[in-house]
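Here is the structure we will look at.
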Amino acid sequence: MKAVSVSGRPSRLAQQINGLKENPSCLNEPYEEKLKAFLSDEDKLHLFDDLTKVNPVTTTTVLKCLQARYATEVFYTNAGCTLVAVNPFQPIFYLYSPELMREYHMAPRPRELKPHIFTEAEQAYRNVQSQIEPVNQSIIVSGESGAGKTWTSRCLMKFYATIAAAAASSSQMDNDTVERIERRVLDSNPVMEAFGNACTLRNNNSSRFGKYIQLQLDGTQLLTGASVQTYLLEKTRVTHQAPCERNFHIFYQITKGASKDERQEWNLPERTDFFWLPNYERNLEEDCFEITKDAMLHLGIENATQNNVFKILSGLLHMGNIQFSDSVDESQPCDLQDNAKDFIKTATSLLGVSEEELLEKLRIRTIMAGKQQQVFKKPCSRAECGMRRDCLAKVIYARLFDWLVTVINRSICADSSGWTNFIGLLDVYGFESFPVNNLEQLCINYANEKLQQHFVAHYLKAQQEEYAAEGLAWSFISYQDNQSCVDLIEGSPASIFSLLNEECRLNRSSNASQFQARLEKALSSNPCISRDKFSKTPHFIVSHYAGRVSYQIEEMVEKNKDPIPAELIQLLQDSKDCLLQQLFPVEKEQPDNKSSNRASVVTVVSKFKGSLDRLMHILNSTTPCYIRCIKPNMDCQAMTFKKEEVLSQLEACGIVETINISAAGFPIRIPFQNFIERYQLLRKLHPSRSEQELYINTYTFTKKKKGLGDTEDNADTLRCVVQELLQNLVPEQSA
Ligand code: ATP
Ligand code: MG
């Protein structure tokens, strides 16, 4: 809730308040007792449901508190404006039951209940109802891989589906319609997770794409639909999986779950070793084909279309087994390995393309040169053939995923007259730092920098500026502003992105060391970039807000170009498969298409920056709320809290700074009118004082009373203190 500004009041009032702040003796502090208890009695640490009550606020005290709570199975803790969620790594059924959802929904003041994601969800829902600007809401869920972002988003969606059903029973809308909407919205999860999630070293169900889902509400607060926006699918996973990791779940689902008939139709024998299906033997709960198919059906994807999708996926698996070997004569195309011919046959029949064409296009490159655009053909090396095969698979999968998102949106999105407001849930990949990092990590960490910047701008900065505007003395807390890091990555005139794009635009053949030299020359004045003097591989180190990350330069420019040879696209355009025809439509050529294409190369980073800019634009137009998920141990063990691992996450998300600002700030922020209505009786006690004076004094008082919630119980205390305040006020001079 946004506090009503009392700016415009004479500064005299502010002076009185500030004077009072320096003389806390008049305040009777139960807070002090709590503090003593905190320091002396560790048994009670778990009672601190808001980290702003911990004193002193350091990562160590915060850590102790979270650990004590975790030990007593309390997983949610407020940290001022943020909710910290520590992953239990085991199902706690009662915690997400419909009964508990209703409890939070029906509570007169949900903030008085224990901290929970449902408090945040309900608050966002009420904010929409009370029409306080900005009306639309965003719940931003962050944390590292495996911390629980997707789980949390799923629970939030279930919460809204549940309370929307409750709202529907008392509304005009018929229950069947509501049930269908809710069901479809929830069904989008298993489908998107089947196609976009995979088992990684850090999480068995890791989201390999970012997601922003807008839950659409009509004027009566009913859930009428939703829309999904996705970001940067990790499509390289289709063809390359790190050791001990797996491909997207859907590939395992079809190979394990297909019926006898389906196997025959999709050409999937019981036991075939597919190169692109590593760790096949592991049985994971995500391998649930039936659930995916059911959900697709609910979303309006008929069986015939589903068959078509799975046929293409099977075609990709067969394509992965097409292996090349060096040809004896370099002027001739590469040879095929032993049984590759069978796989080509199956893959081409499943993808509806010609066998000869596929072989030719994978093994022979077409080059257009000269003013007349003469066509030359050149046999590819064995490595190039493999790259072209991978490229073909990746582009098919990426377009299939985008198509799926479009179909889901078509199915769940309300038409424009059907909704007025939305609550957005953001679930994006957390900060990443691996032994080797490349363009993917740069993009992911850039997204995290932008979100951190949004957090700083919206909360830390806004709060401090608001105090200044209200004339309240306030020593500014310094916070880590990550502007220079954001500038380093995306700024102008020179940044990592602009230099990468420049390389792609000029299409020059420069090696990694040359690009490193260019980066260093152009960006040397930025304090956030450095390099390891002892390292021989071309790289650069970026000092992110969450830590330093070293990025390997090798392949970065090529990854940014993400080239798809035109002849491969044409092969797919010529496919007889109707879904592939839809995914690769024949584009009408514009008269001066070629020259304009050359001027503006669409690179991976430019596309990603564009989609992120649009996301930030939406986030900036909403009232945000933050949930920080914490992974208590790296092995995903149930109920195991490893201090060092939690500590590094707390440091990375700047939790101490956040708590400090919240703790030093005013815990209660009530709109002026609400305050007046609620504390009318105080005015009766002192009719000579203006309402605004009462408000501002109480407002200041509540700051002193950290720990004081916005409750009826506190009204008595408030009343006493306001009386005390009024007695101490210097006589009014002039209005
Ligand atoms: P990634 O960035 O890799 O997608 P994530 O932050 O989305 O990771 P999740 O997939 O949501 O992580 O969570 C990882 C696992 O942790 C879940 O599969 C689930 O087993 C467990 N988990 C997360 N949150 C909870 C919770 N609140 N209660 C019980 N288990 C949980
Ligand atoms: Mg996830």
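Readers should treat all values here as calculations from the given coordinates under stated rules, not as data from a laboratory. Note that the coordinates shown come from a computational prediction; the quantities given were computed from them, not determined experimentally. As a convention, Cβ positions derive from the backbone with ideal geometry for all residues, glycine included, and neighbour counts pool all protein chains shown.
Can you sort I659, I367 by how many other beta carbons sit within 10 Å, fewest first?
In increasing order of surrounding Cβ atoms, one gets I367, I659.
Could you give me the radius of gyration and the Dmax of the stretch 319-426, taking only the C-alpha atoms into account and expressing both in angstrom?
20.8, 67
Quick one: dipole size for the stretch 598-640, taken about the Cα centre, charges +1 on Lys/Arg Cβ and -1 on Asp/Glu Cβ, in debye to the nearest 20.
Roughly 220 debye, rounded to the nearest 20.
Just to compare against my own numbers: the Cα pair-distance distribution for the stretch 313-363, 10 Å bins, whole % per bin, please.
Spelled out bin by bin, the stretch 313-363 gives 28, 54, 17, 2 percent.
Just want the ordering: V549, V191, from fewest to most Cβ atoms lying within 10 Å of their own Cβ.
V549, V191
Take Y545, Y397 and order them by how many other Cβ atoms sit within 10 Å, fewest up front.
Ascending Cβ contact count within 10 Å gives the list Y545, Y397.
Between Q372 and Q582, 0.36 nm times their residue separation minus their Cα-Cα distance comes to what?
Here the answer is 72.4 nm.
To the nearest 20 debye, what charge dipole does the stretch 429-549 have about its Cα centre, counting +1 at the Cβ of each Lys and Arg and -1 at the Cβ of each Asp and Glu?
So the dipole magnitude of the stretch 429-549 works out to roughly 640 debye.
If you add up the charges near I627, with Lys and Arg at +1 and Asp and Glu at -1, over every other residue whose beta carbon is less than 12 angstrom from its beta carbon, what do you get?
Spelling it out: positives minus negatives among the neighbours equals 0.
Could you give the size of the charge dipole of the stretch 205-286 about its Cα centre, using +1 on the Cβ of each K and R and -1 on the Cβ of each D and E, expressed in debye and rounded to the nearest 20?
200 debye
Just subtract the alpha-carbon distance of A242 and S621 from 0.36 nm times their residue separation and send over the number in nm, one decimal.
Extending this stretch completely gives an extra 132.5 nm.
Using a simple spin-label model with points 7 Å from Cα along the Cα→Cβ vector, what separation in nm is obtained for E99 and D338?
6.2 nm
Taking amide hydrogens as modeled 1.01 Å from N in the peptide plane, which residues meet the under 5 Å criterion relative to A79, leaving out close sequence neighbours?
Here the answer is L51, V84, since their amide H atoms fall under 5 Å of that of A79.
Tell me which residues come under 5 Å, amide H to amide H, from E432 once H is placed; ignore anything under 5 positions away on its chain.
Amide H neighbours of E432, under 5 Å, 5+ apart: N445.
Could you sort out which of K450/K609; K149/K394; K377/K576; K235/K607; K260/K394 sit more than 20 Å apart by Cα distance in this structure?
K149/K394; K377/K576; K260/K394
So what J values fall out for the stretch 51-60 if you push phi through Karplus, 6.51 cos²θ - 1.76 cosθ + 1.60 with θ = phi - 60°, rounded to Hz, Gly and Pro as x?
Here the 3J(HN,Hα) series is 5, 5, 8, 7, 9, x, 7, 9, 4, 5 Hz.
If each of E357 and N303 carries a label point 7 Å out from its Cα toward its Cβ, how far apart are those two points in nm?
Here the modelled spin labels are 3.1 nm apart.
Around D562, which amide H atoms from residues at least 5 apart in sequence, or from another chain, sit under 5 Å from its own amide H, with H modelled in the peptide plane?
Residues meeting the amide H criterion: none.
On full extension of the chain, what length is gained from E555 through R271, given 0.36 nm per residue of separation minus the C-alpha to C-alpha distance?
98.7 nm is the gain from fully extending E555 to R271.
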